[in-house]
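The values are calculated or read from the model by the stated rules, or taken from the named source; none is laboratory data. Since this is a predicted model, take the numbers as computed values, not measurements. Here the Cβ positions follow ideal geometry from the backbone for every residue, glycine too, while neighbour counts run over all protein chains shown.
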Amino acid sequence: MPLIRTRADIDDLFDGPTPAEEQLLAACLAGRSCHLSDKVPPKGTPNPQVHIRADVLRYLITGGCETHPVANWGIDLCGAHITGALDLNFATAQGITGLVRCRFDEPIEALQAKLQLLNLKDSAFPALNAQGVQVTGSVYLRDITAEATVAINSATIGGQLSCTGATFNATSGNALNAQGVQVTGSIFLRDITAEATVDFSGTTIGGQLSCIGARFNATSGDALNAQGAQLTGGFFFRGVRTANGVIDLNAAQVGSLVDDPQSWPPKDRLILDGFTYKQIENAEFPRLSDRLDWLAKGSTWGHEFLPQPYTQLAKVYREMGQDGDARDILAERERRLLRHRFFSEVTLHNGTPKDGVTLRQINFHVILWSFLARMVVGYGYHPFRSVMILFALIALSAVFADRAWQTGGITPNSAHVLVSPGWLAHHAVEGAPAHVWIGEVIPAGWSPDPETPEQKWPDVAPGRDWETFNALAYGADIAIPIIAFGQTDAWAPSATRGAWGTFLWWWRWVATTAGWIVTGLAAAAVTGIIRRD
């Protein structure tokens, strides 16, 4: 098509303007809007009353000519049917470029163009290539319908980018390519419908990114790619529906996160690794478990576990003053990290590497360590859990020790005592000889010395000066190995004087071993050996 540079070219090259172009020429000269129709013209042969040729439109967008200048206001056209390719590549627009409710038969080209404001609201076109476009004001793509890719990658926009209600029908590649866009204001993707990838990777946004009500219908690959995007404001992700694509927020940075659980896709279709935010809105997440479910969706990729999302969420919770929830998040991170270490891959080869078969082997030592670390100290983030376990261990041991004492299953823990006349005189007594030995029970047939009739048996019992037995102290003695209460030095269970004595004899080893584990893990947690923030 010939390039129109003057008003006379329209007469010479096109046999004069169409009725719609006559109206547009007059409106641009007068500095007013040109309203041709209230709705987008239908496809097919254009009606002369709304027919604008692309070359005429370009001539006016770039300012017209000396004999027919466009007012500083620019061009504000509504309801036109534009035929031919609108080529604004490397062009500089005069004033605003408003093409509202227009139908374009061919793609719009605006590569590296310089515009004051671009408004394509309610328009329909095959595609838009505005790579590197520089817009002083805002770009309005509200309620547009684009059949192929809308490319504004590397654009610089001084105002906002509004795509609210837009329909991007490209079914492969990028439906909306906004890689590396720099927007001073906000980006609105509210209620959009995209059949392929919406790509905002590397984008810098001075305001917010709102995806409320968006429909990402990509059947494969990325549905929303926001890798490395940087937002000063909030990231709104509520009421979103994702078909089969991936929501990729790898290394994205936002000021605040406002979302709901239903908007996020399932595991292996959400990437949260490196995603950071300063604040989080939890109105739609009443329970911490809901947030943990969200993290579980986005912290794994294949067989790889990515712990950073847990660390990030715990950091924000701590800054919000919810230290308890932050510890729970970090404990869950450690649990999942260890769970992914339960299995290691072993490749077996039959002659050549191409015959390799990958197997999964279980690391039982990792399973045991994870179980103990989780139950006793919550992976280092709940060290006081060990105190409760220790108290329970002491109480249980005290109950067993008391039963053994009451049934005679405990004897003095001294070789000298066990061969002494006093003990030998009573050890054969049925029941509980230790009770008699320390004067707690009067032996059968005993009577006080006639010369001292006021004498009592406890005063003359052979073991009256021996250590007094205390079941609770005995339980603490075997359950807390680093503190000695003296009970295990004085008393020992007997495996020959009843079932409880035999049981306590074995239980000592269990309780002492458990005590070492609990106190050891507690010390490691308190000193920070286990805990990793």
> Which ones in the stretch 391-443 are crowded, with 18+ Cβ neighbours inside 10 Å, part of a helix (DSSP H, G or I) and small (Gly, Ala, Ser)?
Replying inline: Ser397, Ala398, Ala401, Ala404, Ala434
> Failed condition for Leu176, given (1) assigned to a strand (DSSP E or B); (2) within 29 Å of Leu3 (Cα to Cα); (3) out of contact with any helix residue (DSSP H, G or I) (no Cβ under 8 Å at 6 or more places or on another chain), with all others met?
Replying inline: (2)
> Restricting to the stretch 80-136, what's the tally of residues that are in a loop (DSSP other than H, G, I, E, B), in contact (Cβ under 8 Å) with a residue 40 or more places away in the chain and touching a Cys at 6+ places or on another chain (Cβ under 9 Å)?
Replying inline: 5
> When the stretch 74-104 is examined, which residues are found to be within 15 Å of Arg58 (Cβ to Cβ) and among the acidic types (Asp, Glu)?
Replying inline: Asp87
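Scan Leu390, Leu372 and give me the residue that is modelled with pLDDT under 85, under 36 Å from the mean Cα position of the chain (by Cα) and either closer than 14 Å to Ala473 by Cα or not assigned by TED's automatic domain parsing to the domain that holds Leu330 (or both). Explain how you work it out, then say what you get.
Working: Leu372 fails: either closer than 14 Å to Ala473 by Cα or not assigned by TED's automatic domain parsing to the domain that holds Leu330 (or both).
Matching residue, one of Leu390, Leu372: Leu390.
One line per residue, one yes/no per condition, for (1) of a type in the set (Val, Ile, Thr); (2) within 22 Å of the chain's Cα centre (by Cα):
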{"residue": "Gly185", "(1), (2)": "no, no"}
{"residue": "Ile192", "(1), (2)": "yes, no"}
{"residue": "Thr197", "(1), (2)": "yes, yes"}
{"residue": "Thr203", "(1), (2)": "yes, yes"}
{"residue": "Ser210", "(1), (2)": "no, yes"}
{"residue": "Gly234", "(1), (2)": "no, yes"}
{"residue": "Gly245", "(1), (2)": "no, yes"}
> So Gly255 fits all but one of (1) buried (at least 20 other Cβ atoms within 10 Å of the Cβ); (2) modelled with pLDDT of 90 or more; (3) within 21 Å of Asn225 (Cβ to Cβ); what number is the exception?
Replying inline: (1)
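Quick check on the stretch 286-305: of everything there that is of a type outside the set (Ser, Thr, Tyr) and farther than 22 Å from Asn250 by Cβ, which residue is surrounded by the most Cβ atoms within 10 Å (Cβ to Cβ)? Don't jump to the end; show me each part of the working.
In the first step, residues of the stretch 286-305 are kept if they are of a type outside the set (Ser, Thr, Tyr); the result is 286-288, 290-298, 301-305.
Restricting the remaining residues to those that are farther than 22 Å from Asn250 by Cβ gives 286-288, 290.
Numbers: Pro286: 10, Arg287: 10, Leu288: 18, Asp290: 13.
Step by step, filter the stretch 286-305, then rank; the result is Leu288.
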